[in-house]
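Just below is one structure, and these are the notes that go with it.
Each reported figure results from applying straightforward, stated rules to the coordinates on display, with no laboratory input. Everything quoted here is computed from the prediction, not taken from an experiment. Here the Cβ is made from the backbone with ideal geometry for all residues, glycine too, and neighbour counts use every protein chain on show.
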2 protein chains.
Amino acid sequence: MTIVRFAENPLIRIDDVPPSRPDFKVVGAFNAGVAQLGEETILLLRVAEMPIESPDDQLAVPVLNERDGSLEIRHLPLSDAEYDYTDPRVVKKLGSFVYLTSISHLRVARSRDGVRFRVEDRPAMFPADAAEAWGIEDPRVTPIGDRYYITYSAVSSKGVAVRLAVTEDFAAFERLPVVLPPENKDAAIFPGTIGGKYYMLHRPVPRAIGAPEMWIAESPDLIHWGNHRHLMGLRPGSWDGVRMGGGAVPIETGEGWLELYHGADSTDRYCMGAVLLDKRDPGKVLARSRVPILEPEAEYEANGFFGGVVFSCGALLRGRTVRMYYGAADETTACAELPLEDIYRTF
Amino acid sequence: MTIVRFAENPLIRIDDVPPSRPDFKVVGAFNAGVAQLGEETILLLRVAEMPIESPDDQLAVPVLNERDGSLEIRHLPLSDAEYDYTDPRVVKKLGSFVYLTSISHLRVARSRDGVRFRVEDRPAMFPADAAEAWGIEDPRVTPIGDRYYITYSAVSSKGVAVRLAVTEDFAAFERLPVVLPPENKDAAIFPGTIGGKYYMLHRPVPRAIGAPEMWIAESPDLIHWGNHRHLMGLRPGSWDGVRMGGGAVPIETGEGWLELYHGADSTDRYCMGAVLLDKRDPGKVLARSRVPILEPEAEYEANGFFGGVVFSCGALLRGRTVRMYYGAADETTACAELPLEDIYRTF
């Protein structure tokens, strides 16, 4: 496996991103959607923020006022036995999530060389209504015609759903409806139609029966989706044995649709692998990585907000080389280049 | 509340339904979709079957061969510590469902008076492929034009999804695609378009965040669905405090869309209630039952395969009276009549 991590990694660190308001700190700038816009490489970063430290006996949590869209900081007394604070990412009450300790928005970063990025000062998309009151996470960007469609996780007290937005210039964004109800994540639309239909990968998380695995759906118009089919599942005992989901937007190659996906094992170690889908029927798996194409081995991948994670939401093909951007340790953004032939060698 | 249970209840008992094969016994004939076809009232029953007793030291479970669609009986040794047999409905292994102890299909019953039904000898729809290998459950029947669209739970090892089928005569049925991925149940399509769009109620079951609550979606063509919105939620401490979902296909009244839905409390006691939705925007709740319209109080509702359950999948409006068919105790089919005005009085 000839994988070349950029020497400049991580390309974007949390200190590179100004918080959206003075009483917030940025705790993650990761899992970015990727697009080519003219000469520029665009990263649409997921930026996670937390309220700056509150008094020792309180936990500050961000809460969107669903009526007027304003963001409030609520202070919870740590002595309150009603709340369970053991997981640093969430606050629970009676076993259910009642607050997240951070809230994510989307932020644009631009680059001429794909290596040195300028992060914009202001959010591109900030949680705006009840359907995404707990945050906007893990965008995937798909170019279709002269527009870019963004699938993202819309998180609220009602669950994690898949929502759509669209932009032409990464300056103005238009929100579209929720396209998949909870619980669903890791949705990525294929670039353009195949046999007259749009296709999307998605990853439902069922409760009673089934596992977090990859499905595929079809649409006539990008808004309404149907013909959901199970695409590929977990391989117990393997690096993708416990959870998995789509990663980058599928890339068209001579051999088929190349999908870079993530998988995790029972230790929550997230790796990236690849699957090749049939060019005319992307619901058909042609080949799949036996071993990962990228494992969390570099220092910034092994250690961070949530160590041992590499997680890609977007990649670009240059000739026969894949330039894969990815979140490292749920904190920073990195990039690696992989020749297509080496990816195919994992099949 | 003037609710009149039919004196003939239960209208259909398990002994009224011939099994689909000689080595099976019928354990449930319940949760029927309802339609008016000419002079006839049609019930599309969910019929649950189990293999007839096997040797004392074994449990017989039905398994669909996903390759050729044939049904096999597998015998599991009860002494095998790998399997967990404590729940009579399922067999678990490592905490996951690996087999159901019964398998459901759909069966037509016909009546001239809506009371005395003739149950057909053969299944109308039997599990046919991998997407429904564990069974077909809880159909809702929606008349649109001169066709009847059936939403049902397609159960497989991949989860519980919502699938569509269509018929003109309840003799020949055409399967359509899966319209909602797992985990989702209790889907019911509105009869006809509203403002040019089709609408469907559905009930996702998210895992990490959220609860089993009612959502609404839109479609241009009945196959592809989008603009999913949360419609109504649980009322902790109430009769619909722990789980809920759509019941009957929505009924058009002068006051709005009347939806008869089910709710359960922490004791798994299932009642029926009602909600009134805006005629032009069915995503808008106008009123909702404070108290149930039907509680499991009759003997055949309180006792049975799973006692304490009334669960409707279909109702017909006759003048200002609702004729609600419903599953009783997850075993038989019953019917009750309720004046609209009395339902409204629960709001």
Per-residue HN-Hα couplings for the range A:264-272 [Karplus 6.51, -1.76, 1.60; θ = phi - 60°; Hz; x = Gly/Pro]:
9, 9, 5, 9, 6, 8, 9, 10, 10
Sorting from shortest, the nanometre distances separating the label point of B:ILE52 (7 Å past Cα along the line to Cβ) from those of the same residue in the other copies are 7.8
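With 10 angstrom as the radius, rank B:TRP225, A:TRP257 by how many other C-beta atoms surround their C-beta, starting from the fewest. Before the final figure, lay out each step's value.
Numbers: B:TRP225 30, A:TRP257 23.
Ranked by crowding around the Cβ, least crowded first: A:TRP257, B:TRP225.
Per residue of A:156-165, count partner chain C-beta atoms within 10 Å of its C-beta, then hand back the mean as an integer.
4
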Relative contact order for the range A:217-347: what percent, with Cα pairs under 8 Å and sequence separation of 6 or more?
17
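Of the lysine pairs in chain A, how many meet both conditions: Cα atoms under 16 Å apart, and a spacing of 8 or more in sequence or different chains?
Values: A:LYS92/A:LYS158; A:LYS93/A:LYS158; A:LYS158/A:LYS185; A:LYS197/A:LYS279; A:LYS197/A:LYS284.
So the count of such lysine pairs works out to 5.
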Using alpha carbon centroids, what distance separates the range A:45-82 and the range B:230-270, in Å?
33
Calculated diffusion of chain B, Stokes-Einstein form, Kirkwood radius summed over Cα pairs, 4 °C and 1.567 mPa s, µm²/s:
64
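At 222 nm, what value in deg cm²/dmol follows for chain A if DSSP H runs of at least 4 each add -39500 (n - 2.57) and the sum is divided by all its residues, to the nearest 500?
Numbers: 2 runs with 9 residues, N = 347.
The helix contribution divided over chain A gives -500 deg cm²/dmol.
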Above 19 Å lies some portion of the pair distances; for the range B:209-347, what is it as a whole percent of all C-alpha pairs?
51
Summed over the other residues with a beta carbon less than 10 angstrom from that of A:VAL309, with K and R at +1 and D and E at -1, the charge totals -3
Which value does Rg/Rh take for the range A:23-158 over its C-alpha atoms, Rh per Kirkwood?
1.04
Using the Karplus equation 6.51 cos²θ - 1.76 cosθ + 1.60 (θ = phi - 60°), what ³J(HN,Hα) coupling, rounded to whole Hz, does each residue of the range B:147-159 give in order, writing x for Gly and Pro?
10, 10, 9, 10, 9, 8, 7, 9, 9, 8, 5, 8, x
Of B:ARG140, A:ARG229, A:ARG290, how do they rank once you tally other Cβ atoms within 10 Å and put the fewest first?
A:ARG290, A:ARG229, B:ARG140
About the Cα centre, charge dipole magnitude for the range A:17-163 (Lys/Arg +1, Asp/Glu -1 at Cβ), debye
500
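About its Cα centre, how strong a charge dipole does chain A have in debye, to the nearest 20, once Lys and Arg get +1 and Asp and Glu get -1 at the Cβ?
Details: 38 positive and 50 negative charges, 202 e Å.
Charge dipole of chain A: 960 debye, to the nearest 20.
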Selection from A:THR41, A:LEU106, A:SER70, by position along the positive dipole direction of the range A:1-157 (Cβ):
A:THR41
Non-local residues with an amide H under 5 Å from the amide H of A:PHE24, with H modelled 1.01 Å from N and Pro and chain starts lacking one, are A:ILE52
Given the C-alpha centroids of the range B:271-347 and the range B:99-153, what is the distance between them in whole angstrom?
20
For B:TRP225, residues with placed amide H under 5 Å, excluding near neighbours
A:TRP225, A:GLY226
Expected integer from the mean partner chain Cβ neighbour count at 10 Å over A:173-183 is 6
Nearest residue to the symmetry axis between B and A, taken on chain B by its Cβ, in whole Å:
B:HIS224, 2
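May I ask for the equivalent-ellipsoid semi-axes of the range B:1-67, computed as the square root of five times each C-alpha gyration tensor eigenvalue and listed largest first in whole Å?
Details: eigenvalues 196, 54, 22 Å².
For the range B:1-67, the ellipsoid semi-axes come out as 31, 16, 11 Å.
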Cα centre as origin, Lys/Arg/Asp/Glu Cβ charges: the protein assembly as shown dipole, Debye:
980
Mind telling me which of B:VAL108, B:VAL91, B:VAL178 comes out most flexible in a GNM of chain B, alpha-carbon contacts under 10 Å?
B:VAL91
Under a Gaussian network model of chain B whose springs join Cα atoms within less than 10 Å, the largest fluctuation of B:GLY28, B:GLY304, B:GLY196 belongs to B:GLY196
What list of ³J(HN,Hα) values in whole Hz, one per residue of the range A:223-228 in order, does the Karplus curve 6.51 cos²θ - 1.76 cosθ + 1.60 (θ = phi - 60°) give from phi, with Gly and Pro shown as x?
9, 10, 10, x, 6, 6
Using eta = 0.890 mPa s and T = 25 °C, Stokes-Einstein with Kirkwood Rh from Cα pairs puts D for the protein assembly as shown, in µm² s⁻¹, at 92
Once you put a point 7 Å from the Cα of B:ASN65 and another 7 Å from the Cα of A:ARG89, both along the Cβ direction, what distance in nm separates them?
4.3
Sorting from shortest, the nanometre distances separating the label point of B:ASP23 (7 Å past Cα along the line to Cβ) from those of the same residue in the other copies are 6.9
Could you check which residue among A:LEU258, A:LEU78, A:LEU94 shows the biggest mean-square fluctuation in a GNM of chain A with a 10 Å Cα cutoff?
A:LEU94
Taking the alpha-carbon centroid of each part, what is the distance from the range A:15-35 to the range B:168-220 in angstrom?
38
Cβ-vector label at 7 Å, B:GLY192, separations to other copies in nm:
4.3
Amide H neighbours of A:VAL98 under 5 Å, at least 5 residues apart or on other chains, H built in the peptide plane: list them.
A:VAL91, A:LYS92, A:LYS93
